[in-house]
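Since the structure comes first, as structure tokens, the remarks are kept for the end.
The values are calculated or read from the model by the stated rules, or taken from the named source; none is laboratory data. All of these numbers come straight from a predicted model, not from anything done at the bench. Note: ideal-geometry Cβ built from the backbone for every residue, glycine included; neighbour counts use all protein chains shown.
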Amino acid sequence: MNNPSTVIRYINIAHFIDHFAMLIFAAAVVVMAPVFKMGYGELLPYATPGFIAFGAGSLLSGWLGDRWSRRHMMVLFFIGMGLALIGVGLTQTPTQLGIGLLAIGLVASIYHPVGTAMLTAHAEQVGRELGINGVWGNLGVALSALVTGVLVEFAGWRTAFILPGILCLILGWMFFMHVKHAPSPAKAAGATKARVSRKAMVLVIASLVITVLASSTTFNAVTVAVPKLFEERLSALTSSPAKLGVIAAVVYVFGAFAQYTIGHLIDKKPLKDIFLPLAIIIVPSLYIASMVSGWLLIAISVVVVIGIFGQVTVNDAMIAKYTSDEWRARAYSARYFLGFTAAGLSVGLVSWLYIQGGFTTMLQAFSLLCLMIVVGAVIFPREDSTPTGTTK
């Protein structure tokens, strides 16, 4: 039997790597585009197949995690990610770049269905552990912008891919040695504690689908667009890629610690009481962000990431609460297939909207899309927060 704290530690590190790796290109593309003799809007879509694979691959990953081995799949994640990142760092043409980014997306698809199911199976307090895990993932988002900005400025864009790839290979070997294959303990105290009627379950599923489509698409669009958005609208403050990376990192850290707080609240309060306020703040904050620059943009960006990142923890808690362990990886795979496939399409949408009207048009369009999250929060049924409570 593996030590649960050891397993959870590696799963949290893997969440960091997953988001860090997926966003290296988004932070480096500004510098890479001239190298490939292309514009920002022309090179950015080469990431689209990788983001689609990030979602589409989760179906197979979740099935293999439940039917084969979650531990073996996570070994593949660490080693495969290391090799894929190094491969991108060695690319010479846009076609090779697209293939390399596709490989990163396929490997990255392993983490969310398999890693999240592995986490909830070993967790004593599922909300708390999901919150902490969310912090790790969002620190990956934050530090991707920061570390990539620094490496690009001082060591070149290839190093920004190759160095993390080497670290992934080292971590993969450590995981292989420290975590052995074993049956899941299925400890998650908060999982499947709510008894639900068929009508309520239909509302839960409808709410989850609506929210995941809108929040995942917006989450991905914002994280992809922020490096370029800050380059354009913070030009009066700084033009240094490293300094812009620091600013982006600070903004994302607020989202990470919001997830930590939300994770703790999930163990104490009904999901709807957390879900609805988060949904409401996203729409106006995105719309305001479309019209401002400088320090005001930084401040409103903090509000945006708190709302969008917080929804991720809420959505994961829905799955943990309403599915049993033997089905959980497949349930997460369906959730992330839906979310990340839609999110993958957002890369092309960001590029198209940017060409049509810059970030003003892009952010206003996504603020309208996020009205779907409010709808999802409104229809989500209220459940008793007691262990024997029934969802109504």
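A few comments on the model shown:
- Taking each residue of segment 276-287 that is more than 13 Å from V378 (Cβ to Cβ) and looking for partners that are surrounded by 17 or more Cβ atoms within 10 Å (Cβ to Cβ) and among the aromatic types (F, W, Y) with beta-carbon atoms closer than 8 Å, six or more apart or interchain, yields L286/F366.
- Residue that is modelled with the lowest pLDDT [pool: residues in segment 334-350 that are of a type in the set (G, A, S) and crowded, with 23+ Cβ neighbours inside 10 Å]: G344
- Residue among H15, H19 that is crowded, with 21+ Cβ neighbours inside 10 Å, closer than 27 Å to P241 by Cβ, at pLDDT 90 or above and of a type outside the set (G, A, S): H15
- Members of segment 1-33 that are free of Cβ contacts under 8 Å to residues at least 60 places away in the same chain, part of a helix (DSSP H, G or I) and closer than 14 Å to H178 by Cα: S5, R9
- Filter result (of a type outside the set (G, A, S) and closer than 25 Å to S333 by Cβ) within segment 90-108: I99, L101, L102, I104, L106, V107
- Elements of the type helices (runs of 4 or more DSSP H) sitting completely within segment 38-148 and holding at least 2 residues that are modelled with pLDDT under 80 and crowded, with 19+ Cβ neighbours inside 10 Å: these cover 48-67, 116-122.
- Selection from segment 302-329 of residues that are modelled with pLDDT of 90 or more and either out of contact with any Ser or Thr (no Cβ under 8 Å at 6 or more places or on another chain) or acidic (D, E) (or both): V302
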